[in-house]
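A.B. asks: Before I ask anything, here is the structure I am working with.
The values are calculated or read from the model by the stated rules, or taken from the named source; none is laboratory data. Bear in mind the structure is a predicted one, so any value in this text is a computation, not a measurement. With ideal geometry, Cβ positions are generated from the backbone for all residues, glycine too; neighbour counts draw on all protein chains shown. In case anyone asks, the SASA skips ligands and DNA or RNA and just uses the protein heavy atoms, side chains included. Shrake-Rupley method; radii C 1.70, N 1.55, O 1.52, S 1.80 Å.
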Amino acid sequence: MTPQPAGPPDGGWGWVVAAAAFAVNGLSYGLLRSLGLAFLDLAEHFDRSAQDTAWISALALAVQQAASPVGSALSTRWGARPVVMVGGVLASLGFVFSAFARSLLHLYLGLGLLAGSGWALVFAPALGTLSRYFSRRRVLAVGLALTGNGASSLLLAPALQLLLDSFGWRGALLLLGAITLHLTPCGALLLPLALPGDPPAPPLSPLAALGLGLFTRRAFSIFALGTALVGGGYFVPYVHLAPHALDRGLGGYGAALVVAVAAVGDAGARLVCGWLADQGWVPLPRLLAVFGALTGLGLWVVGLSWGGPLLAAAVAYGLSAGSYAPLVFGVLPGLVGIGGVVQATGLVMMLMSLGGLLGPPLSGFLRDETGDFTTSFLVSGSLILSGSFIYIGLPKALPSCGPAPPPAMPPPEKGELLPAPQAALLSPGGPRSTLDTTC
């Protein structure tokens, strides 16, 4: 038996886990963000509309996120390593199957169902395992892992355009299938870690393994509702940012540049915001609401921009969206405790799937009806702003009206934001409390 550590090691092998989670994020969300470059070729080949091809990414997102609680439950029962490794094989097979598609239905099944199912088994277990390895630098570690999204988009967007020009969409999908198979060795790096507060045995009941009891906590329910609304608009740029740039006359490589600069801003902001959040100067729920609202406003600007200003708008959107991303997962241990973070990650991904399923097809429909993506981005930004407004109901999201003495930190397995006598949100860094006010 391996001796149980007193708490998260806050480093050591945790940085290897962060690197594995970085690759997992890049080979799932980063790849999906760049895949929109192939949609014009697919629409032309199958003689279908933008709305029809948008369902490919919408289904992949929806399946990935809706099935994330299954990945979390399997990880809770058998560990993250085998679950992530199997997920990598499934995602790779989805791309290989889609390379031989004879209709959009085959792409719906290959990329949407099969690859989406594989991604569902990799993301939540990898990110949940990473959260268990860190405490004081948790948001920074999560932000580092989530930069895989931007880094992958930066590399894959021009690479995918080159593959499409050189080999066509079928050859490009085959090569992406080979790249996606690298998720399997990433899963092998996720060593299990026992922590105080863990249950003595894995839950046997399916409902307990899924963690549905977390919805009985008011703060988590508010967070879940706000995140579901944000999901309705957050993933539209993953699918339609490149087509939007093409509609604005930037050309194939110009559209790839728009995606790339958004990815650079996204990646840099995840690191900076992760460091900022770990300083404890501002409560995490307040940062979550602020950067969520800025992301919605950024999408408005993207939708209204043309030509060169679209590049600047894409950078601004990437900075705000990248700042929001690590906060979504960084705030979870404070809401549910470190023991429930893997299950909570899966449930949040499931709720975001509702928006991920409806957002891109709605965006494609609005594009077909109006002739461009302006209305699509305005509606998407409005959904994100609505979700950010709901975040105001989280503990410490708003300042109160009088100074309060700094209280003691509750045990981390109970969650820093859970109701406790005279408890307040503290920085993950230890005894430094976040200065706030109360009535």
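Residues are listed down the side, and each one gets a yes or a no for (1) touching a residue at least 40 places away in the same chain (Cβ under 8 Å); (2) touching a helix residue (DSSP H, G or I) at 6+ places or on another chain (Cβ under 7 Å); (3) in the same structural domain as Pro158 (by the TED database):
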site: Val236; (1), (2), (3): yes, yes, no
site: Gly249; (1), (2), (3): yes, no, no
site: Gly265; (1), (2), (3): yes, yes, no
site: Pro283; (1), (2), (3): yes, no, no
site: Leu294; (1), (2), (3): no, yes, no
site: Ala314; (1), (2), (3): yes, yes, no
site: Leu319; (1), (2), (3): yes, yes, no
site: Gly322; (1), (2), (3): yes, yes, no
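A.B. asks: Same structure again: Inside segment 36-49, can you point out the residues that are open to solvent by less than 30 Å² (accessible area, probe 1.4 Å) and either under 24 Å from Leu354 (Cβ atoms) or in the same structural domain as Asp368 (by the TED database) (or both)?
C.D. replies: Gly36, Phe39
A.B. asks: Scan the helices (runs of 4 or more DSSP H) fully inside segment 281-386 and keep the ones with 2 or more residues being aromatic (Phe, Trp, Tyr) and open to solvent by less than 20 Å² (accessible area, probe 1.4 Å). Please lay out each step first, then the result.
C.D. replies: Values: elements: 284-304, 307-330, 332-336, 341-370.
Correct list: 307-330.
A.B. asks: Would a scan of segment 247-263 turn up a residue that is in contact with a Gly (Cβ under 7 Å, 6 or more places away or on another chain), outside any helix (DSSP H, G or I) and open to solvent by 10 Å² or more (accessible area, probe 1.4 Å)?
C.D. replies: yes
A.B. asks: So which residues in segment 78-110 are farther than 30 Å from Val16 by Cβ, part of a helix (DSSP H, G or I) and either in contact (Cβ under 8 Å) with a residue 40 or more places away in the chain or out of contact with any Ser or Thr (no Cβ under 9 Å at 6 or more places or on another chain) (or both), if there are any at all? Before you say what the answer is, go through the steps one by one.
C.D. replies: Step one: of segment 78-110, the residues farther than 30 Å from Val16 by Cβ are 97-110.
Restricting the remaining residues to those that are part of a helix (DSSP H, G or I) gives 97-98, 104-110.
Result: Phe97, Ser98, Leu104, Leu105, Leu107, Tyr108.
A.B. asks: For residues in segment 33-77 being in a helix (DSSP H, G or I) and without any contact (Cβ under 8 Å) to a residue 40 or more places away in the chain, which is nearest to Thr370 (Cα to Cα)?
C.D. replies: Ala43
A.B. asks: Here's another thing I want to ask about it. Do you know which of the residues in segment 152-206 that are among the aliphatic types (A, V, I, L, M), open to solvent by 20 Å² or more (accessible area, probe 1.4 Å) and part of a loop (DSSP other than H, G, I, E, B) is farthest from Val17 (Cα to Cα)?
C.D. replies: Here the residue is Leu204.
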